[in-house]
Ligand code: GAL
């Protein structure tokens, strides 16, 4: 029972995203993305006004990344396509062949190494030209995204069989369009998150149907969406208010997207009723949460071939204590997350290490969404700068987490099919710049050749991958 063995053909991967690693921000005809514009504007929205202009240099140093993948012995590699590298203005009106060549080389080389690519179409980096027309605030982006998806399937789908349409729509909607912390820096409390999420859900569904209708028979692949969620526990397990707040927290985080996609095409009832009630009180004639038509509900329902979960941390929940007069996503949710001081922090203030939270979340997904196949498409721990190569404590966090994944599989019967560490390399960690290091490989950003060096965690992870087994001590 405790041999630490993972199921046969378990997918072992590491993940990256285009803007975080590629650099080459204007190389070979690439169009601007919103992260190029956002970082170039300065204004201290990013740590030390750092940018992804160079990042890990993977646009030219991709073979160095392949060496890392090989050293880890991965069966899978998750990376994202830079939309504006392929389609500089976001539309298929002009295709940047050099961008296509870049990803062709990467995909072909992975396949030669017998590494299966898992490709994300969109990981936060909207083409600036699309943002200029409204980005995810605009319904027009739905059809434009569908075109982009079709372009990617027809260009790479003969070789890529695992697709993720959108990475973390929750983060995009909340950070980019509600709170304005991430590019494009749109702050519109109470509206921005819901509007952008609405368009992303439709865009995802259209992209899934495009695959299903026009590509699946021939290409025989699978399409999903990567959803992030914390696990949540009531702050006081005996308090009804805390328990209800906990349910609302999971609903506003995970069910917001997972219920429409995995269950019935529509938003959770509590979100619909709460936001509509509050909107009325605010004197609005329609709810701040947009509604799907019946046709759209039918279109959205069932549009994921497996469940992709990005998990990092857990929170203890109580009802929102601060009284905010302005409407906002947070006040609609009416819940706030507290960090337990006993949980260790990993490299960055929001990431408390709670391995058992992942097990609970996996069981919750199994029960709530019809026991889907689950890929953990991101999980990891950071070090703050300067990091240490001998990161034994961090490997301890990985080990504890993998133990919980095993329990979820064996004891709870969750269909976990794979685990992707975030991240292959230290990289541009959004507003934290290079100050937060999530890599299995260290990157020396001070040297022009950007050398990659394995952390202790990388060497230990490679042993797990090789044996398909966790060596427990
Ligand atoms: C996720 C995101 C990644 C990475 C990670 C660590 O939200 O998809 O790009 O930054 O968090 O913070």
Can you report the number of residues in segment 171-210 which are under 26 Å from residue 306 (Cβ atoms), in contact with a strand residue (DSSP E or B) (Cβ under 7 Å, 6 or more places away or on another chain) and surrounded by fewer than 24 Cβ atoms within 10 Å (Cβ to Cβ)? 1
Residues located in segment 345-369, provided they are surrounded by fewer than 17 Cβ atoms within 10 Å (Cβ to Cβ) and under 17 Å from the mean Cα position of the chain (by Cα): 350
Could you identify the single residue in 214, 222, 145 that is surrounded by fewer than 19 Cβ atoms within 10 Å (Cβ to Cβ) and farther than 24 Å from residue 368 by Cβ? 214
Checked pairs for segment 329-353, first at positive phi, second part of a loop (DSSP other than H, G, I, E, B) and away from the ligand (no atom under 16 Å from the Cβ), C-beta under 8 Å and 6 or more apart or across chains, list as 334/320
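Conditions (1) more than 16 Å from the ligand (Cβ to nearest atom); (2) surrounded by fewer than 20 Cβ atoms within 10 Å (Cβ to Cβ), marked per residue:
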| site | (1), (2) |
| --- | --- |
| 380 | no, no |
| 403 | yes, yes |
| 406 | yes, no |
| 413 | yes, yes |
Can you name every residue in segment 446-466 that is under 20 Å from residue 24 (Cα atoms) and either buried (at least 20 other Cβ atoms within 10 Å of the Cβ) or within 15 Å of the ligand (Cβ to nearest atom) (or both)? 450, 452
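Would you tally the residues in segment 317-337 being more than 16 Å from the ligand (Cβ to nearest atom) and within 22 Å of the chain's Cα centre (by Cα)?
Pass one, segment 317-337, residues more than 16 Å from the ligand (Cβ to nearest atom): 317-336.
Those left that are additionally within 22 Å of the chain's Cα centre (by Cα): 329-330, 333, 336.
Counting residues in segment 317-337 that are more than 16 Å from the ligand (Cβ to nearest atom) and within 22 Å of the chain's Cα centre (by Cα) gives 4.
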Within segment 415-444, track down each residue that is in a loop (DSSP other than H, G, I, E, B) and within 16 Å of the ligand (Cβ to nearest atom). 423, 424, 426, 427, 428, 429, 438, 439, 440
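Any chance you could count how many residues in segment 118-141 are more than 14 Å from the ligand (Cβ to nearest atom) and assigned to a strand (DSSP E or B)?
So the count comes out to 2.
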Note on segment 11-53: residues in a loop (DSSP other than H, G, I, E, B), over 15 Å from residue 123 (Cβ atoms) and touching a strand residue (DSSP E or B) at 6+ places or on another chain (Cβ under 6 Å) are 31
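Values quoted throughout were computed directly from the atomic coordinates according to the rules given, and no laboratory measurement underlies them. All values derive from a computational prediction rather than experimental measurement. Don't worry about glycine lacking a Cβ; one is built from the backbone with ideal geometry, like all the others, and counts go over all protein chains shown.
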